[in-house]
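Asks: Provided herewith is a single structure, encoded as structure tokens, for subsequent inquiry.
No value in this document is a laboratory result; all are computed from the given coordinates. In this text, all values refer to a predicted model and were calculated from it rather than measured experimentally. Neighbour counts run over all protein chains shown; Cβ positions are idealised from the backbone, glycine included.
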Amino acid sequence: MSERRAAALQALVFKNRGLLLAMPAAALAILGRPTMSSVALGLPLAALGELVRCWAVGYSGVTTRDDVVTAPQLVTAGPYGYVRNPLYFGNFVTATGFAIAFTGRNPAGARLGLVASSLAFMLAVYWIVVAHEESFLRREFGASFAAYCARVPRIIPRLRPPARGAGSWRPRVLLEAESKTLALFAAMTAVLLLKAFA
């Protein structure tokens, strides 16, 4: 695949990432058969992932909702000091929690298939999205971004506290930037509880 075609595919996936990531969520909601114990195990993990996401959005702001990659500054403070993609890390933790919660009563093979396929699909989307975002950040911030990449891991957070970074947490952007995600989280939780109590 040529560079131009690869970049066009990355841009298309980035623009439609919300719709693409709704697909495994819908599959879990439709095919999942939760139990109270699977909800008790998975829902706190999902909530933890959403808290990580909110922490990250407070630093990155509303640009996380754009259809094209934008970054008025290279944010390296807060969760961005631990991992370069805290939003996606938080989303993956949330998805793992919901996958556990929704599949408690599914037969073992179906459960494994639902969990593995949901998370694998999500990883594939994020693989493309992260490559697209990092290409932009490399062009936009050059040596600063290269230095950031050298000290902060892409996917798995480091454990030691970061040095002071650029950016600050602004909680007021959460309502504007996270309203759709919080609504989806609430809807998934409602479906989960309705199915668990049915």
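Asks: Which of the residues that make up segment 103-125 are within 15 Å of Asn85 (Cβ to Cβ) and touching a residue at least 60 places away in the same chain (Cβ under 8 Å)?
Replies: Met122, Val125
Yes or no, residue by residue, for (1) surrounded by fewer than 20 Cβ atoms within 10 Å (Cβ to Cβ); (2) more than 18 Å from the chain's Cα centre (by Cα); (3) within 18 Å of Ile155 (Cα to Cα):
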residue: Arg33; (1), (2), (3): yes, yes, no
residue: Asp66; (1), (2), (3): yes, no, no
residue: Gln73; (1), (2), (3): yes, yes, no
residue: Tyr80; (1), (2), (3): no, no, yes
residue: Leu87; (1), (2), (3): no, no, yes
residue: Phe92; (1), (2), (3): yes, no, yes
residue: Thr96; (1), (2), (3): yes, no, yes
residue: Ala101; (1), (2), (3): no, no, no
residue: Ala110; (1), (2), (3): yes, yes, no
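Asks: If Gly167 passes every condition in (1) touching a residue at least 12 places away in the same chain (Cβ under 8 Å); (2) loosely packed, with under 14 Cβ neighbours inside 10 Å but one, which one does it miss?
Replies: Condition not satisfied by Gly167: (2).
Asks: Restricting to segment 72-105, and then to whatever is touching a Phe, Trp or Tyr at 6+ places or on another chain (Cβ under 7 Å) and aliphatic (A, V, I, L, M), can you tell me which residue is farthest from Val130 (Cα to Cα)?
Replies: Per the stated criteria, the residue is Ala77.
Asks: May I pose another question? Just to be sure I understand the filter: pairs with C-beta atoms under 6 Å, separated by 6 or more residues or on different chains, first member in segment 73-95 and within 15 Å of Ser168 (Cα to Cα), second member of a type in the set (D, E, K, R). Which pairs pass?
Replies: Close Cβ pairs (under 6 Å, with a partner that is of a type in the set (D, E, K, R)) amount to Tyr82/Arg158.
Asks: Let me ask something additional. Of all residues in segment 1-32, which are more than 14 Å from Ala131 (Cα to Cα) and touching a residue at least 60 places away in the same chain (Cβ under 8 Å)?
Replies: Result: Gly18, Leu20, Leu21, Ala22, Met23, Pro24, Ala25, Ala27, Leu28, Ala29, Leu31, Gly32.
Asks: Let me ask you something else. Filter segment 166-198 for residues that are assigned to a loop (DSSP other than H, G, I, E, B) and under 24 Å from Asp66 (Cα atoms) and give the result.
Replies: Matches in segment 166-198: Ala166, Gly167, Ser168, Trp169, Arg170, Pro171, Arg172.
Asks: So if I check each of Val83, Val39, Val68, Val62, which one is in contact with a Pro (Cβ under 7 Å, 6 or more places away or on another chain) and among the β-branched types (Val, Ile, Thr)?
Replies: Val83
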